[in-house]
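Here the structure is laid out as structure tokens; the discussion comes afterwards.
No value in this document is a laboratory result; all are computed from the given coordinates. In this text, all values refer to a predicted model and were calculated from it rather than measured experimentally. Here the Cβ positions follow ideal geometry from the backbone for every residue, glycine too, while neighbour counts run over all protein chains shown.
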Amino acid sequence: MSTDHDVLRDPIITVWTDDGATRQRATLCEVLAWLSEDRTISFSALQPHQRHPWHAFLVQLAAIALERSGRSSLPREPEVWEELLLALTQGAREPWCLVVAALDQPALLQPPIPEKKLDGLKNEVTTPDALDILLTTRNFDIKGQRAVAGTAEHWLLALVTKQTFEGFGGAGNYGVLRMNGGFANRPCVAFAPSSRWGERFGRDVTVWLEERERLEEDYGYDREGPALLWTLPWDGKQSRSSQGLHPFFIESCRRIRLRPSEHGLLARTGTSARPRLDSSNGAGDTGDIWTPLQASSKKEGLAALTVASAGFHYRKLHELLFGDWQRPPALRLRPSDGDAPVVVAMALVRGQGKTEGYHERWIPIPPRARRMLARAEDSEHLGARSRAQLERAAEAGRSVLKPALCTLLQGTGDLDFTDKRVLPWLDRLDARIDDCFFTELFDAASLDADAARVRWDRVLVDLLRRTFTEALGETPMPDVHRYRTRAAAEGRFRAALRKSFPEAVAVPQTTTEDRAHV
């Protein structure tokens, strides 16, 4: 067989429909049709770190198909999607097949090999998870090469993630253009009407289409240029510029070919002398609708966000929502987002030779806060509230909890504030603040500034008391000093509370349910 696993015709994608009541297999065209009609679906084989790569691939592919066809609305018929996608490859089916025997022809997300032989692709990968971008060689959180019975679907999802989200992997293993360096990541920071796949899909396709002219003007893209980079031959020896590419181009950063094997499929992979796209003149600023930008510290222009190992901590999200970051198009509220949208943030954090965690966060936005975020002046006001909350949170740890912990650990003499033994409890407090920071910020949006400040102070006092009480119970100390040390620590803690949060300490303690009605 010259081709196999045609994603336009073969139902290889496992989908749960009707709120998880029905499990069925679908073609890529059926998936696009169901998303277009906002049918309730989910993807059972999808791993968490593959969610944004899969969403981005589907969205960009649909946007390219609509733009090239001149259509303004998403079709809801699978046969129409098949027609649109085949038009992108001039009717050729090979670019939509996972396996194509003719090496000088493209396969899905696998560029043609001009030399027509696999001699340059010397590495053999036998499981789809080994092809994926997760680095699992130490077998800690996730075991490596566990997908020994990987299906065509698993290979498809691994290919999408690898070819559109991979970074630098050592000599000859280059990553995608849409990230700020080889050890960076391609994040998603956006608003969404909800967590439904269909709603997010339709919204983000529209965002790409609305950005087309700006992308052509700002980045030198061309709507007539190549869109599916896996359809272009690549011998690994040359890079090409992003100039002249289609504004929504889909990358294919590695030399890979899937082949049939005794147990299903395997991948042959090889290195390249140059990256697929030349990234020397940029820092990940490609116009990606999900990536925030900031003035580059290393070169002229803007640099893409690189999420660190701390993930989307409340301080980082404050910067992205209210700081000097340039919000990407998907992080701008739209009327179609409804009265109660969400902030969605996703990133797989890369390190040198390791993966530093997958981070995903969804933050609901109540109607009052949504209205404020939609207006520039009110958004600045909400940003000022957020900065005030940050300052009070920092004071809670620095001025209240840390001195009391140092006293508890060191006794009543001169305190060493560099004592690292306090970090577990400071981190615990910070995690609790992280859990409620934006909920409290958005819920208090309708209050005046003084009432909102007191409300937040009361939350912090609750968290401080809970964390310090736990420290009292968990800290070992000699019996001979126990009562004096505990009394000194408790006295320091209460004094610091009264000094830093006088209004919050003076009012009766309330529950979370009580605060919801303030």
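When Lys and Arg each count +1 and Asp and Glu each count -1, what net charge do the other residues less than 13 Å away from L472, Cβ to Cβ, add up to?
Charge balance near L472 sits at +3.
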How tilted is helix 78-88 with respect to the longest principal axis of the chain? Cα atoms for both, answer in degrees (0 to 90, nearest 10). 70
How charged is the neighbourhood of A452? Take every other residue with its Cβ under 9 Å from the Cβ of A452, and add Lys/Arg as +1 and Asp/Glu as -1. 0
Provide the packing ranking of 462-469, 246-253, i.e. peptides ordered by the mean count of other C-beta atoms within 10 Å per residue, highest first. 246-253, 462-469
For the chain, the dipole about the Cα centre with charges only on Cβ (Lys and Arg +1, Asp and Glu -1), to the nearest 20 debye, works out at 1440
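Please report the net charge: other residues with Cβ closer than 10 Å to the Cβ of H49, K and R +1, D and E -1.
Result for the neighbourhood of H49: -1.
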Between the modelled labels at L423 and S42 (7 Å from Cα along Cα→Cβ) the distance in nm is 3.6
Spherically averaged projected area of the chain from its Cα convex hull (nm²): 27.8
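222 nm [θ] for the chain, helices only, -39500 (n - 2.57) per DSSP H run of 4+, per residue, to 500?
Details: 15 runs with 204 residues, N = 518.
Computed mean residue ellipticity for the chain: -12500 deg cm²/dmol.
Tell me the relative contact order for the chain as a rounded percent, counting alpha carbon contacts under 8 Å between residues six or more apart.
On the way: 918 pairs, mean separation 67.6, N = 518.
Computed over the chain, the figure is 13 percent.
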Counting only residues 5 or more places away or on other chains, whose amide H sits under 5 Å from the amide H of R350 once H atoms are built in the peptide plane? E356
Low-density loop cleavage sites - GluC sites (Glu not before Pro) in region 279-358, where at most 13 other Cβ are within 10 Å (DSSP): E300
Using 0.36 nm per residue of separation minus the Cα-Cα distance, give me the extension gain between A92 and L232 in nm, one decimal. 49.1 nm
Region 382-461 - percent relative contact order, Cα under 8 Å, separation 6 or more: 40
Which of K117/K237; K316/K402; K299/K354; K122/K162 exceed 21 Å between C-alpha atoms? The answer is K316/K402; K299/K354
